[in-house]
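This report concerns only the one structure given below.
The values are calculated or read from the model by the stated rules, or taken from the named source; none is laboratory data. Every value quoted in this text rests on a predicted model; they were computed, and no experiment measured them. Because the Cβ atoms are built from the backbone with ideal geometry, glycine has one as well, and the counts that use them run over all protein chains shown. Side chains included, ligands, DNA and RNA excluded: accessible areas come from the protein's heavy atoms. Shrake-Rupley method; radii C 1.70, N 1.55, O 1.52, S 1.80 Å.
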Amino acid sequence: MGTKLLGYQATLSEKADLSGVAVHSGEQVSISLLPAAPNTGVKFRRIFDDGTTAEIKAVAGQVGATDLCTMLGDPAGVHIATIEHLMAAFWATGLDNVIVEIDGNEVPVMDGSSRVFIDAIDEAGMAHHAVKRRYVRVKKTVRVEIGGSWAEFRPYQGTRFEVVIDFDSPLIGRQEFKSDVDEDVFRDELAHARTFGFMKDVERLWASGHALGSSLENSVVISDDHTIINPEGLRFRDEFVRHKTLDAVGDLALAGAQFIGCYSSYR
């Protein structure tokens, strides 16, 4: 049984340190995951070169941009970008309270999935508070549509994700992942799925200051002739939709509480 099912808030038993390259800025970034008190939630603590700090709470109201990644804070000021893979690891393991100290503006991408973050949490260990966890229960269907894309919540006795993607690429096409998701399912079915991109978009992204740290070590890259460039190939036949589901898990963690219901999305 996953720790998140125990019903009590959890934090880390000890500090966990990680470092790696930021996928968009290309800079080397270090982060420390620190134990935190009950009801702290997830907070990012930006540490600047002069020793000063600034904190941003990881909640939906703090989202400042969603172009190519999820960013907390002010894009023109203090911000932390590419948080979704780390947030997904927190959600999946049931880590409610944690301080993330970071010396850059972007969470390191590691291998492009949540796997390394999960491993760091496992190594640090978990400790439970004597404080009950809060949940958000979906009581009626809520739907948002933008163009041909949509997302919705609907009532469900459990926590379920139904994600459908549809790319104009013969290698990807239409894929779907539909499952109840708990810690075990996330670890086995989603945590290893990597971010992906197309070679045809690389020059445009570089020119706009994005994807400067992207490589075959942290991204699945699709060539112009619709083949996988990575020598090892895919980790799953449908790794693309699994990663989009991982992203959804991370973004929905910004609700500030676990949810009971079904999340569905298309494109």
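On the given criteria, is Thr70 over 16 Å from the mean Cα position of the chain (by Cα) and in contact (Cβ under 8 Å) with a residue 24 or more places away in the chain? In short, no. Filtering the range 79-116 to residues that are surrounded by 22 or more Cβ atoms within 10 Å (Cβ to Cβ), assigned to a helix (DSSP H, G or I) and not acidic (Asp, Glu) leaves His85, Leu86, Met87, Ala88, Ala89, Phe90, Trp91, Ala92, Thr93. State whether the residues of the range 19-41 include one that is open to solvent by less than 30 Å² (accessible area, probe 1.4 Å), over 30 Å from Ala207 (Cα atoms), without any contact (Cβ under 8 Å) to a residue 60 or more places away in the chain and polar (S, T, N, Q). Yes, there is a match, as at least one residue in the range 19-41 is open to solvent by less than 30 Å² (accessible area, probe 1.4 Å), over 30 Å from Ala207 (Cα atoms), without any contact (Cβ under 8 Å) to a residue 60 or more places away in the chain and polar (S, T, N, Q). Scanning the range 122-169 for residues that are under 26 Å from Gly94 (Cα atoms), part of a loop (DSSP other than H, G, I, E, B) and open to solvent by 90 Å² or more (accessible area, probe 1.4 Å) turns up Arg134, Lys139, Lys140, Gln157. Any residue in the range 196-203 that is of a type in the set (Val, Ile, Thr) and within 19 Å of the chain's Cα centre (by Cα)? So far as the range 196-203 goes, no, none of its residues is of a type in the set (Val, Ile, Thr) and within 19 Å of the chain's Cα centre (by Cα).
Taken together, Ile146, Ile121 contain a single residue that is under 26 Å from Cys262 (Cα atoms) and among the aliphatic types (A, V, I, L, M), which is Ile146.
On the basis of being free of Cβ contacts under 8 Å to residues at least 12 places away in the same chain and open to solvent by 10 Å² or more (accessible area, probe 1.4 Å), does Asp119 make the cut? For Asp119, the condition - free of Cβ contacts under 8 Å to residues at least 12 places away in the same chain and open to solvent by 10 Å² or more (accessible area, probe 1.4 Å) - is met.
Taken together, Ile121, Ile146 contain a single residue that is within 30 Å of Glu14 (Cβ to Cβ) and among the β-branched types (Val, Ile, Thr), which is Ile121. Within the range 15-71, the residues that satisfy the criterion of being closer than 12 Å to Glu101 by Cβ and not in a strand (DSSP E or B) are Lys15, Ala36, Phe48. Annotation: of all residues in the range 253-267 being of a type outside the set (A, V, I, L, M, F, W, C) and either in contact with a Pro (Cβ under 9 Å, 6 or more places away or on another chain) or surrounded by 17 or more Cβ atoms within 10 Å (Cβ to Cβ) (or both), the one that is farthest from Ser179 (Cα to Cα) is Gln258. In the range 223-247, of all residues being modelled with pLDDT of 95 or more, aliphatic (A, V, I, L, M) and open to solvent by 10 Å² or more (accessible area, probe 1.4 Å), the one that is farthest from Thr93 (Cα to Cα) corresponds to Ile228.
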